[in-house]
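Q: Structure in structure tokens, see below.
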Amino acid sequence: MSRSFQYDRRQGAVLLAPDRTRFRLWAPSCDEVTLEREGHEPFPMSAVGNGWFECEVASGAGVRYRYRISAELSVPDPASCAQPEDVHGPSLVVDPGSYIWRFPEWRGRPWQETVIYELHVGLCGGYRKLAEDLPRLTALGVTAVELMPLSEFPGDRNWGYDGVFPFAPESSYGTPDDLKYLIDEAHRNGLMIFLDVVYNHFGPDGNYLSQYADGFFAHGQKTPWGDAIDFRRREVRDYFTDNALYWLMEFRFDGLRMDAVQAIIDRSWLEELRQTVEAHVEEGRHVHLILENENNDAALLRDGFSAQWNDDAHNALHVLLTGEDEGYYGNFSGAPMRSLETVLEEGFCFQGQEAPVDGRRRGSSSGDLPTDKFIFFLQNHDQTGNRAMGERLTTLASPDALHVAYALMLLNPQIPMLFFGEEWGSRTPFFFFTSHGPELAKIVRDGRRAEFRSFSAFQSAERREHIPDPNALETFERSRPDRAEMEQPEHRRWLDLTTGLLALRHRFIMPRLAGTVSAGAQILEGAAGKDKALLARWMMGDGALLTIAINLGADAAVLHDRPEGEAIYVWPHPPNGSVLGACSMGVWLKESPHV
């Protein structure tokens, strides 16, 4: 078996031999392009048709280069594999064979075994430092680590969604080989490792594409980030397909989480990508494609995508836990428990009906899908970091109600996702942060504060001044989860809770998860007449019946029928007859008589 891997990209600098490199650039807006390498004479590239320029030269890995596209401008490679001097610096020719994989035989894990842990590599100390923490995550019960985007971004602090070089791992975190070491270590620990990729826009600083490939963008079709990327063009589709295969085949990631695909203007590319990935991945290897999709497009899940982030689950539970109703939470504030009931029974809450906040129809029918097509979370980078003050639920919700919601997340048959620090109940905020130059930094800071002008807590300019400056180093440092919290009794108890709940998931849920479907859900009558409790059932893949009853309210609720089977988790105590106490829950499993 090979101990090094290389994906033969259609663009960029591809090492053909130790002392020979092919360079290719799509520059349809240019009449001529010249390769400029440090320490070498300029080398004219040949126009080979359809806007492509290419050349082969006698040089190898370690060479820094640019493309001269006009007398006034030379640019880095849009398919650069490394940007050691940041987004405006030269690109670097990389040898993919320089890293010798220690676990090349790794084949991943079935999707039903997935417990995701989302994290930010920079706040974890970089690729090598993060690798040191992987044994702890394995012991916790996590089976998949999901990295926020790594595309080279301006400066050394950023969420990652301002990246401009999708093929170049962020240099402030380490080298490409350091990233491969991290992935290798994940596999050594039995962990899958996923990468969050952004195919819907480029960041505002360091993207030169429009200077030499104006057709890369669909001018007139807008997204929240500007002109849409034109996925109707074959060259654009191939650029991003190559990127996905590069991460999966050369870096050996076990899957990709695709950011905000509703902003991709040609949906057919998503299906093309899935089919292409399936055709390239080695037989017997598990590779998973995850969507974030505001459109709730269930057809993509039927057609083979592994799962989608279930924002509806988060939003309903957030309203139940906090009572917040501003912004998009207004779509769930009218009947949040009804929304949660639909989520547990059918997957999506919005399945084509109008959203109250903006009147837009959203979603499609999802009730026929198995439960593992939905990723269930209470917190993530968006839902925490897009708050003005970055608060985590530990500072917003009742501890007892949060305990119930947390156990529901980890034991229901949708796929659970933790946000780093959540496993010990961290109280550290998580902010939006960047490291732009002065001019752009001011625009981002002022724009960020203006976003919250309509929220009741930030209607005064004085109050908005308290929203942290994304570009300040302090904002980044304050977002780093405080690992010392784990030694405090309160947080040690929460960590033990996480470990215990995930052990139950491994034992009772994972082996039965494939093919699990809903067996119905119902809201439970509360003593005060408030919809704060429900019961949901699922028919597991092996025929067992899983029942979960939760009460998030301060009053008792009535269980209409005694749940069948063995109680595998109850908190804080078993139901008293037909009464489910305030802020309590139970989980029961009835084995199939045919097993």
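Q: Restricting to the stretch 423-433, give me the number of residues that are open to solvent by less than 10 Å² (accessible area, probe 1.4 Å) and within 18 Å of the chain's Cα centre (by Cα).
A: Qualifying residue count for the region: 4.
Q: Let me ask something else. Considering only the stretch 429-464, state which residues are β-branched (V, I, T) and in contact with an Asp or Glu (Cβ under 7 Å, 6 or more places away or on another chain). Spell out how you get there, then give the answer.
A: The first filter runs over the stretch 429-464 and keeps only residues β-branched (V, I, T), leaving 434, 443-444.
Result: T434, single match.
Q: Suppose we filter the stretch 178-191 for residues that are open to solvent by 10 Å² or more (accessible area, probe 1.4 Å) and either part of a loop (DSSP other than H, G, I, E, B) or hydroxyl-bearing (S, T, Y) (or both); how many remain?
A: Residues in the stretch 178-191 being open to solvent by 10 Å² or more (accessible area, probe 1.4 Å) and either part of a loop (DSSP other than H, G, I, E, B) or hydroxyl-bearing (S, T, Y) (or both): 3 in total.
Q: Please find, within the stretch 308-326, the residue that is farthest from Q275 (Cα to Cα) out of those that are in contact with a Ser or Thr (Cβ under 8 Å, 6 or more places away or on another chain) and either open to solvent by less than 20 Å² (accessible area, probe 1.4 Å) or not charged (D, E, K, R) (or both).
A: If we take residues in the stretch 308-326 being in contact with a Ser or Thr (Cβ under 8 Å, 6 or more places away or on another chain) and either open to solvent by less than 20 Å² (accessible area, probe 1.4 Å) or not charged (D, E, K, R) (or both), then L321 is farthest from Q275 (Cα to Cα).
Q: Restricting the stretch 30-45 to residues that are of a type in the set (D, E, K, R) and in a strand (DSSP E or B), which is farthest from L209 (Cα to Cα)?
A: Filtering the stretch 30-45 for residues that are of a type in the set (D, E, K, R) and in a strand (DSSP E or B), the one farthest from L209 (Cα to Cα) comes out as R37.
Q: Against the condition open to solvent by less than 10 Å² (accessible area, probe 1.4 Å) and of a type in the set (S, T, Y), how does T175 come out, does it pass? Please lay out each step first, then the result.
A: Numbers: open to solvent by less than 10 Å² (accessible area, probe 1.4 Å): no; of a type in the set (S, T, Y): yes.
When the stated conditions are applied, T175 does not pass them.
Q: Does S91 qualify as being of a type in the set (S, T, Y), under 23 Å from V444 (Cα atoms) and touching a residue at least 12 places away in the same chain (Cβ under 8 Å)?
A: So S91 fails the test.
Q: Another question, if that's okay. For the stretch 57-70, name all the residues that are at pLDDT 95 or above and part of a loop (DSSP other than H, G, I, E, B). Show your work before the answer.
A: Step one: of the stretch 57-70, the residues at pLDDT 95 or above are 57-58, 60-70.
Passing the criteria: A58, G60, A61, G62, V63, I69, S70.
Q: Residues S70, S4: which one is out of contact with any strand residue (DSSP E or B) (no Cβ under 9 Å at 6 or more places or on another chain), open to solvent by 10 Å² or more (accessible area, probe 1.4 Å) and under 24 Å from D205 (Cα atoms)?
A: S70
Q: Test D372 against the criterion of being touching a helix residue (DSSP H, G or I) at 6+ places or on another chain (Cβ under 6 Å) and charged (D, E, K, R), and give yes or no.
A: Values: touching a helix residue (DSSP H, G or I) at 6+ places or on another chain (Cβ under 6 Å): yes; charged (D, E, K, R): yes.
Answer is yes for this residue.
Q: Continuing with the same structure: Checking the structure you have, find out if any residue of the stretch 558-581 is modelled with pLDDT under 95, surrounded by fewer than 21 Cβ atoms within 10 Å (Cβ to Cβ) and in contact with a Lys or Arg (Cβ under 6 Å, 6 or more places away or on another chain).
A: Within the stretch 558-581, one or more residues are modelled with pLDDT under 95, surrounded by fewer than 21 Cβ atoms within 10 Å (Cβ to Cβ) and in contact with a Lys or Arg (Cβ under 6 Å, 6 or more places away or on another chain).
Q: Restricting to the stretch 90-145, count the residues that are in contact with a Leu (Cβ under 9 Å, 6 or more places away or on another chain), surrounded by fewer than 17 Cβ atoms within 10 Å (Cβ to Cβ) and of a type in the set (F, W, Y).
A: 0
Q: What are the residues in the stretch 533-550 that are over 11 Å from N412 (Cα atoms) and either in a strand (DSSP E or B) or touching a Cys at 6+ places or on another chain (Cβ under 6 Å) (or both), if any?
A: Hits for the stretch 533-550 are A533, L534, L535, M539, L545, I550.
Q: Would you say V87 is over 29 Å from R24 (Cα atoms), part of a loop (DSSP other than H, G, I, E, B) and open to solvent by less than 10 Å² (accessible area, probe 1.4 Å)?
A: Answer is no for this residue.
Q: Checking the structure you have, find out if any residue of the stretch 79-99 is farther than 18 Å from P169 by Cβ and over 19 Å from the mean Cα position of the chain (by Cα).
A: no
Q: Same structure, new question: Considering the stretch 192-223 alone, what residues qualify as being within 16 Å of L256 (Cβ to Cβ) and either more than 22 Å from the chain's Cα centre (by Cα) or open to solvent by less than 20 Å² (accessible area, probe 1.4 Å) (or both)?
A: First pass over the stretch 192-223, keeping only residues within 16 Å of L256 (Cβ to Cβ): 192-200.
Within the stretch 192-223, M192, I193, F194, L195, D196, V197, Y199, N200 meet the criteria.
Q: Could you list, ordered by first residue, the pairs with Cβ atoms under 7 Å in which the first is in the stretch 488-509 and more than 30 Å from D542 (Cα to Cα) and among the charged types (D, E, K, R) and the second is assigned to a helix (DSSP H, G or I) and open to solvent by less than 90 Å² (accessible area, probe 1.4 Å), at least 6 apart or interchain?
A: Every condition considered, the pairs that remain are R492/M486.
Q: Separate question: Filter the stretch 527-543 down to the residues that are touching a Lys or Arg at 6+ places or on another chain (Cβ under 6 Å) and crowded, with 21+ Cβ neighbours inside 10 Å and list them by number.
A: Quick first cut of the stretch 527-543, residues touching a Lys or Arg at 6+ places or on another chain (Cβ under 6 Å) only: 540-542.
The answer is M540, and nothing else.
The values are calculated or read from the model by the stated rules, or taken from the named source; none is laboratory data. Since the structure is predicted, the reported quantities are computational estimates derived from the model, not experimental observations. Backbone-built Cβ (ideal geometry, glycine too); neighbour counts: all protein chains shown. Protein only, heavy atoms only, side chains kept; ligands, DNA and RNA dropped before computing areas. Shrake-Rupley method; radii C 1.70, N 1.55, O 1.52, S 1.80 Å.
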